Structure formats: structure tokens, C-alpha cells
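Visitor: Before I ask anything, here is the structure I am working with.
The values are calculated or read from the model by the stated rules, or taken from the named source; none is laboratory data. Note that the structure is a prediction, hence the values are computed from the model and not measured. Cβ placement follows ideal geometry from the backbone for every residue including glycine, while neighbour counts extend to all protein chains displayed. Side chains are part of the model used for accessible areas, which takes the heavy atoms of the whole protein and leaves out ligands, DNA and RNA. Shrake-Rupley method; radii C 1.70, N 1.55, O 1.52, S 1.80 Å.
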Amino acid sequence: MNRALPYKTKQFFFVLIKLSIVIGAFYFIYNKVTSNPDLRFSDFVSILSKNRLFSLKNVSFLIVLSIFNWFFEIIKWQYLVDSVKKITFFEALKQSLGSLTASLLTPNRIGEYGAKALYYSSNYRKRILLLNFIGNVLQMSITVLFGVIAIYYFVTDYNIEFSPQKVVRFFLIIVIIFAFSVFGAKQKRFRIKGFSIKKIIEFIKNLPSKTKLLGFVFSLLRYLIFSFQFYFLLHIFNVDIFYMDAMVLISSLYLLASIIPSVFIFDVLIKGSVAVYIFSAYGVHEFTILSIVLLMWILNFVLPSLIGSFYVLTFKLPKNNAI
């Protein structure tokens, strides 16, 4: 015979889960900052002090760019959710930053889907999952759009040569991924529970055109902001490069990094290795580029997740849902 746990016991376990998420997120941040074998933290601090990064003007400008980056992400989420339920900017902020903190511990930040859905009663959760998916697809579409153009210019302008073995290996991986995707799409389990592929497509079609357009525009603005932030860091590190040349390298980096599946422990190493390869074509020192990748991560993930940890700790399930 099953017995329901006492209310206080449920509350205790709920608080324990929230604390575990926050502690795990802090450990994750510490691990990322200190575990890179190619960039010791002491060397990282040393190279920052030798450059002009610690000036109040530069730090303030970089933080402002990060604020605007997340401002447009929060606004995008608010507009997407408004299509099914009206929420305030503050509610969108809590959901965006809280889910960021929770998702840091999951592969490819997949935990963001479940974390955002928990803010809503059960009758909204399926649609919230889909809206979060749409928001990520919109952002990815911008990355792919800029990235494909950038890869073309990167290969042609820098005379990148590929060995036959590398080409064959690359296409073999693409074929395998495509085969598994097609196989998975044919399976009945390839769906969000209660939503078939047909219903998902219908849901997207039924979204107001204004919502989809604004989502695309906000995704574009975010991309322009954090790519310019990367360029500004290159400038601080005394890398003499024109903006358009930098955008070719930056956009190529973000496309390649976004299509490589990664577990959070190896995420910085993977992105750092891709960045070193891309920027080595321009002659940028690997230590410089690793420092910039780490700074981008700190500015756009660490700082927001620290704020998000507060919302994780103060999170409460909707009143009409049992824990």
C-alpha cells in the first residue's frame, strides 16, 4: 500500500533539490574556470592584468553588452509565452535566469526545457516546452544563417585545405547522424508526450506572425550583441583585425561549436579547441583566444547564473500542482 509523504518531508526534499542545483551550478562554474589544462587560472588573471580589461570603462561596457544580450532573451521569452499566457517582464526574467542555472548541469543545457515548464501549471507545460523549443530554433537559425556564409568565406579567404580522409570522415559522421534522425523520426516515441510531429508543426503555424517575427528579430539582436562583444575582447587583447574579418571567424566558431554535442564538463574545452583552430588561421595566439572564450562564458553564463541561483532557491511550484 502506497503512502503519501508528509507535507514537511516533501518540502524538505524540494529544498534539498534546489540547494543541490545551486551547489552543483557553483561547482560547475568553479570546475570550468580552473580545470582547463591549456589555461591556468593564474595565467588567465595575469594576461588580463597586462591588457586593459580591468579598466572601469572596459568592464562596464562588457557587462552592459551582457545585460542587453540577456535583456533581449528575456523579452523574446516574454513575447513567446504571451501567445498562450500573459506574463510580466519580471516573471520572464525569473524563468530565463532560473532555468539557465538549472540547465548548466545538463548536456547541451537540455534541462532548460523542464526548468521553464515547472513555472507553469500542468495544463500549460506542453505548450511551454514547445515555445522554448521554438525560441531555441530561432536562435539557432540565426547562428546557421551567419555561420554558413562565414564558413564559405573562411574556407575561400584563408585557403583552408582539407585532406581526403578528413572530408570522408566528416561526411560519414553527417550520414550517420542523418540516418539516426530519420530512424528516430519514424518511431512513435519521437514526440513530446501528447504532441505528434503534425501537431507540433500546426502549433508553430498557429503562432501569431508577429510573435515569430519578433522572436527572430530578438534572436538577431542577441547574436549581433555577443558577436560584437567577442570582437571588442579581441580589440582589448590587441588583436588587429577588421570587424568584417572578425565576424567571419566568430560566426564560423559559433556555428561549429553549436553543432558539436557536448557534456558540460567538456564544453569549454570543445569550444576552446574550435576557437584555437579557427583563429589560428589569422595568427591569433591560442592563449589569447582561450582567454576570450573563457571571458565570454563568464560574462554571458556565469554572471546570469549567479542571479539565477537566487530564483532557483526561491522557486515555488504553481499552487495547483502537488510536489
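Visitor: If you rank 106, 101 by how much accessible surface each has, with a 1.4 Å probe, what is the order from largest down?
Guide: These residues rank, largest area first, as 106, 101.
Visitor: For the pair residue 235 and residue 207, what calculated FRET efficiency results from E = 1/(1 + (r/R0)^6), where r is the Cβ-Cβ distance and R0 = 51 Å, to the nearest 0.05?
Guide: Plugging the Cβ-Cβ distance into 1/(1 + (r/R0)^6) gives 0.85.
Visitor: According to a simple spin-label model (label point 7 Å from Cα along Cα-to-Cβ), what is the distance in nm between residue 140 and residue 84?
Guide: 1.8 nm
Visitor: Continuing with the same structure: Using packing as a proxy for protection, rank 59-69, 223-233, 138-148 so that the peptide with the highest average count of other Cβ atoms within 10 Å comes first.
Guide: Numbers: 59-69: 15.5, 223-233: 19.6, 138-148: 17.4.
Top to bottom by mean Cβ count within 10 Å: 223-233, 138-148, 59-69.
Visitor: Pairs 76/271; 126/205; 85/316: which exceed 21 Å Cα-Cα?
Guide: 76/271
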